[in-house]
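The values are calculated or read from the model by the stated rules, or taken from the named source; none is laboratory data. Keep in mind it's a predicted model, so treat the numbers as computed, not measured. Note: ideal-geometry Cβ built from the backbone for every residue, glycine included; neighbour counts use all protein chains shown. For the accessible areas, the whole protein counts, side chains as well, though only heavy atoms, and no ligand, DNA or RNA atoms are used. Shrake-Rupley method; radii C 1.70, N 1.55, O 1.52, S 1.80 Å.
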Amino acid sequence: MSELSDLYQEVILEHNKNPRNFREIADADQYADGKNPLCGDALRVYVAFDGDKISDVAFKGSGCAISKASASMMTQAVKGKTKHEAEVIFGEFHRMVTGELDIETDENDLGKLKIFSGVLEFPARVKCASLSWHTLNAALHGEDVVSTE
Ligand code: ZN
C-alpha cells in the first residue's frame, strides 16, 4: 500500500502542477459547474461531442491538488469515449473511492485512475477526487450545476 501511496502523491503533484486539458472549450456542446463547499473546490467541465463520442473535454477552475489532478486525469480518461463508456468509468471510479470496488479483485477499466484508490485513506478527500466526475456526469445529462453537499 505504501508504494501506491508514494505513486499517488507523485501523480497528484505532477498533474496539479501540469494539469492536462486545463482550458475552456469555446464551442462546447455542454458545460457544468461543480462545487465542493467543504474544501472550496470549484470546477467547470466542458464537453464537445462528435455524435455520441466525447470529441473534446476540458476544465477550468480552482481547487486543491487532488481535485485538480483528478479533473486532469478524468479528461484524459474519457476523451474519445462514448457517453456510455464515460458513464461506466464514472461508476467504477465512484465505487472505487467509496470503497465498494476493490481494484485488485473486481474487474474494471480504471487503468491509471486506480491511483485514486489512495484517497480511501483520506475520507475528507473523497469529494475532492470525485468532484470533476460528478460535474462531467452533470454535463453529460444536460445539468448546469452540481454540488457535493
Ligand atoms: Zn479539495
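Write out, first by first residue and then by second, each pair whose Cβ atoms fall under 8 Å of each other, whose residues are 6+ apart or on separate chains, and whose first residue, in the stretch 54-70, is without any contact (Cβ under 8 Å) to a residue 40 or more places away in the chain and farther than 18 Å from Ala139 by Cβ while the second is more than 9 Å from the ligand (Cβ to nearest atom) and open to solvent by 30 Å² or more (accessible area, probe 1.4 Å).
Ser62/Ala42
Report, ordered by the first and then the second residue, all pairs with beta carbons closer than 7 Å, sequence separation of six or more or different chains, a first member in the stretch 92-119 that is of a type in the set (Lys, Arg), and a second member that is assigned to a loop (DSSP other than H, G, I, E, B).
Between residues of the stretch 92-119 that are of a type in the set (Lys, Arg) and residues that are assigned to a loop (DSSP other than H, G, I, E, B), the close pairs are Arg95/Leu101; Lys114/Ile103.
Being assigned to a strand (DSSP E or B), closer than 18 Å to Thr148 by Cβ, within 14 Å of the ligand (Cβ to nearest atom) and within 15 Å of the chain's Cα centre (by Cα) is the requirement here; does Ala42 meet it? Working first, answer last.
On the way: assigned to a strand (DSSP E or B): yes; closer than 18 Å to Thr148 by Cβ: yes; within 14 Å of the ligand (Cβ to nearest atom): yes; within 15 Å of the chain's Cα centre (by Cα): yes.
In short, yes.
What are the residues in the stretch 55-72 that are surrounded by 23 or more Cβ atoms within 10 Å (Cβ to Cβ) and away from the ligand (no atom under 15 Å from the Cβ), if any?
Scanning the stretch 55-72 gives a single hit, Val57.
For the stretch 35-54, how many residues are closer than 18 Å to Gln76 by Cβ and either surrounded by 13 or more Cβ atoms within 10 Å (Cβ to Cβ) or touching a Lys or Arg at 6+ places or on another chain (Cβ under 8 Å) (or both)? Lay out the reasoning, then the answer.
Step one: list which residues in the stretch 35-54 are closer than 18 Å to Gln76 by Cβ, which gives 43-50, 53-54.
Next, only the ones that are either surrounded by 13 or more Cβ atoms within 10 Å (Cβ to Cβ) or touching a Lys or Arg at 6+ places or on another chain (Cβ under 8 Å) (or both) stay: 43-49, 53-54.
So the count comes out to 9.
Mind checking which residues of the stretch 123-146 are exposed (fewer than 14 other Cβ atoms within 10 Å of the Cβ), within 13 Å of the ligand (Cβ to nearest atom) and in contact (Cβ under 8 Å) with a residue 12 or more places away in the chain?
Once the filter is applied, which keeps residues that are exposed (fewer than 14 other Cβ atoms within 10 Å of the Cβ), within 13 Å of the ligand (Cβ to nearest atom) and in contact (Cβ under 8 Å) with a residue 12 or more places away in the chain, the stretch 123-146 yields only Ala124.
Do we find a residue being open to solvent by less than 40 Å² (accessible area, probe 1.4 Å) and either within 16 Å of the ligand (Cβ to nearest atom) or in a helix (DSSP H, G or I) (or both) anywhere in the stretch 97-106?
Taking the stretch 97-106 first, the residues open to solvent by less than 40 Å² (accessible area, probe 1.4 Å) are 97, 101, 103.
Applying the additional criterion that residues be either within 16 Å of the ligand (Cβ to nearest atom) or in a helix (DSSP H, G or I) (or both) yields 97.
Scanning the stretch 97-106 turns up at least one residue that is open to solvent by less than 40 Å² (accessible area, probe 1.4 Å) and either within 16 Å of the ligand (Cβ to nearest atom) or in a helix (DSSP H, G or I) (or both).
Let me spell it out: the conditions are (1) of a type in the set (Ser, Thr, Tyr); (2) closer than 24 Å to Asn16 by Cβ; (3) in contact with a strand residue (DSSP E or B) (Cβ under 9 Å, 6 or more places away or on another chain), and Ser117 meets all of them except one. Which number is the exception?
It fails just one condition, (3).
When the residues of the stretch 73-89 are narrowed to those that are open to solvent by less than 20 Å² (accessible area, probe 1.4 Å) and in contact with a strand residue (DSSP E or B) (Cβ under 9 Å, 6 or more places away or on another chain), which ends up nearest to the ligand (Cβ to nearest atom)?
Residue satisfying both the conditions and the ranking: Met74.
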